[in-house]
Each structure stands twice: as C-alpha cells, then as structure tokens.
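A short worksheet on the structure shown next.
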Amino acid sequence: MQNSKSKIQSFIVLMAVAFFLFAQYWGLFKSPPDQLMGHVQKLMYVHVPCAWNAFIAFFVVFISSFIYLIRKNPFWDRLAASAAEVGVVLTGLTLILGSIWGRPTWGVWWTWDARLTTTAILFFLYVGYLTMRSFVGDKDRRARLAAPLGVIIFLNVPIVYMSVRWWRTLHQVQSSPSTVDPNMVLSLRLNAFAILFVLILFIYHRYQIALLKDKQEEAL
Amino acid sequence: MMTGTIQGGYEFLVAGYALTWFVLGGYALSLYRRYRSIR
C-alpha cells in the first residue's frame, strides 16, 4: 500500500516536472518576441507566474491562519507555515527576475517604484513571519502567535496588486491574459499552471516535513 | 541601427530562466533532503 502510494507520488512529480519543462520550452521558443522589448519580454513567462503563485501561497497562509484562530487545529498551522515558506521562495524569485528584466528595459536593476517597493516589503514581512516561527520552540505557542500575524500581513498582498494603479509607477499595469497580446496568452497560461503545480507539490511536501517534525516533538 | 526594439538581451533571458530552474530545483532538493533527514 505504502509502495503504491510512493509510486503514485513519484508519477505526479514526474508529470509536474515534464509539464513545467514543456511550458518553459513553449515560452522560450514558441512564443513571438515583443514589438518593443524583443526576446527579453519572454522573461514575463517566469516573472509573472511566480508573482501570481506567490499571491496564491500567501492567500493559503491567510485562510489557514484564519481557520486556525477559530478551530485551533494544528493542521491549519502546518499548512500556513508550509505555504509561507514556498511563497517566500516565489516572491524572492519574482524580485530577482523583475530586476533582471528591468535592467535591459528600464536601464536599472532596481528603482524605488511602488510595485517593487511593496513587493520587497511583502517578501520581508513573510521572512519575518518565518523567522518569528523559528524562534518559538513550543508548537502551540508558535501557532497562537503566528496565526494573527498570518492574517494581518496578508493585507499587503492587495496593496502590491493594486500599487500599479494607485500610484504612478514605472512598472507596467498587471499582466494578465486580457492585457497581453493574444499570441502570448498560451505561453503565459501554460507557465502559470506549470508553476501552480510546482507550488502545490512544494506545499504538500513541505507540509509532510512539518507533520513529521510535529510527530517527533510529540514522541519526545 | 535604432529600430525602437530592444536588440539582443539573450544574456538576460538565459540568466532569468537558468535562475528560475536553479532556485526551484534547489528548493525541491532542500525539501527532499529535509524529508530524508527527518525520516
């Protein structure tokens, strides 16, 4: 039974990796260059899906933390912690990819633009959330402290999303299938789903680690 | 010749995609190693 479960998990991981590689290939080689940005625009197929999926991860943190506050079930705390860690990885990647994209298009690696600044704040808020968790040894106390924080810091996510409309920014407005050229929509969607599958797998496996850790702590 | 389109820039494209694979692959590896060390 355990063996067949492990085989199914391996198969799902392989499928996700194959889909990810296919989406990356499609974005790099099958999508047309942009009229103004040329081939550099293809960075959108990694930068934007990473940002979207980081938002999804932080939404999971928000919902899980909120439910934990009501139910006090450790499942929700473990899920919040797992999603926060994966969200931090994706937000860090979004920032670095944005910097790499910004250099040839804006002429700078970094500028204190509203979108960039609010995203950097988002990154450090969740790094702070994870740091706070790592400092508290007792898991019940850790969960009680982390849950309200997981709810409150989510407030920055809509600010990041709307920053390009609320302030005059160098960053373009939100990229979505409705705002990009129809020839680029398929690549954007493929990569968004590819990174969504990666996100789900990462959260699932990070959750398994948290679960094993909790079981070990209880056994001591 | 100035055409209004950014010419080249392949080094940025390669750097961006390579970094994505490196970070996601590295994180996957870290999850695997942490899982193995706990089990």
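The values are calculated or read from the model by the stated rules, or taken from the named source; none is laboratory data. In this text the structure is predicted, and so the values were computed from the model without any measurement. Glycine gets a Cβ as well: all are built from the backbone with ideal geometry, and neighbour counts include every protein chain shown. With ligands, DNA and RNA removed, areas are computed over all heavy atoms of the protein, side chains included. Shrake-Rupley method; radii C 1.70, N 1.55, O 1.52, S 1.80 Å.
Between A:Phe193 and A:Val173, how many nm apart are label points set 7 Å from Cα along the C-beta direction? With each label point 7 Å from Cα toward Cβ, the separation is 2.7 nm. When the solvent-accessible area of the protein assembly as shown is split by element, carbon and sulfur atoms take up 68 percent of it, the probe being 1.4 Å.
Once amide H atoms are built 1.01 Å from N in the peptide plane, which residues 5 or more positions from A:Gly38, or in another chain, come under 5 Å H to H? Under 5 Å from the amide H of A:Gly38: B:Ile6.
Grab the Cα-Cα distance for A:Lys5 and A:Phe75, subtract it from 0.36 nm times how many residues apart they are, and report the gain in nm with one decimal. Going from the current span to full extension adds 23.1 nm. Phi angles of region A:102-110 translate, via the Karplus equation with coefficients 6.51, -1.76, 1.60 and θ = phi - 60°, into HN-Hα couplings of x, 4, x, 9, 9, x, 9, 6, 8 Hz per residue; Gly and Pro are given as x. Here r is the Cβ-Cβ distance between A:Ala18 and A:Ile159 and R0 is 41 Å; the resulting FRET efficiency, rounded to 0.05, is 0.65. Normalising by residue count, chain A has a Cα convex hull of 134 Å³ per residue. Scaled to the globular estimate 2.2 N^0.38 Å, the Cα spread of region A:94-189, given as radius of gyration, is 1.38.
Principal-axis analysis of the Cα atoms of chain A puts helix A:114-135 at an angle of about 20° to the longest axis.
All C-alpha pair distances within region A:116-172, sorted into 5 Å bins from zero, spread as 4, 18, 24, 17, 13, 10, 7, 5, 2, 0 percent across the bins. By the helix-only formula, in which each DSSP H run with n ≥ 4 contributes -39500 (n - 2.57) and the sum is divided by residues, chain A has a 222 nm mean residue ellipticity of -27500 deg cm²/dmol.
In Å², rounded to the nearest 100, what is the total accessible surface buried by chains A and B against each other with a 1.4 Å probe? It comes to approximately 2700 Å² buried between A and B. Straightening the chain between B:Tyr32 and B:Val14 buys 3.8 nm, computed as 0.36 nm per residue apart minus the Cα-Cα spacing.
Cα centroid separation, chain B to region A:25-53: 13 Å.
The calculated FRET efficiency for A:Phe124 paired with A:Lys213, based on their beta-carbon distance and R0 = 30 Å, is about 0.75. Given the C-alpha centroids of region A:99-132 and region A:138-212, what is the distance between them in whole angstrom? Cα centres, region A:99-132 to region A:138-212: 14 Å. So which of A:Lys7/A:Lys215; A:Lys72/A:Lys213; A:Lys72/A:Lys215; A:Lys7/A:Lys30; A:Lys7/A:Lys213 end up more than 28 Å apart, counting from Cα to Cα? Pairs exceeding the cut-off: A:Lys7/A:Lys30. Placing unit charges on the Cβ atoms only, positive for Lys and Arg and negative for Asp and Glu, gives chain A a dipole magnitude near 260 debye about its Cα centre.
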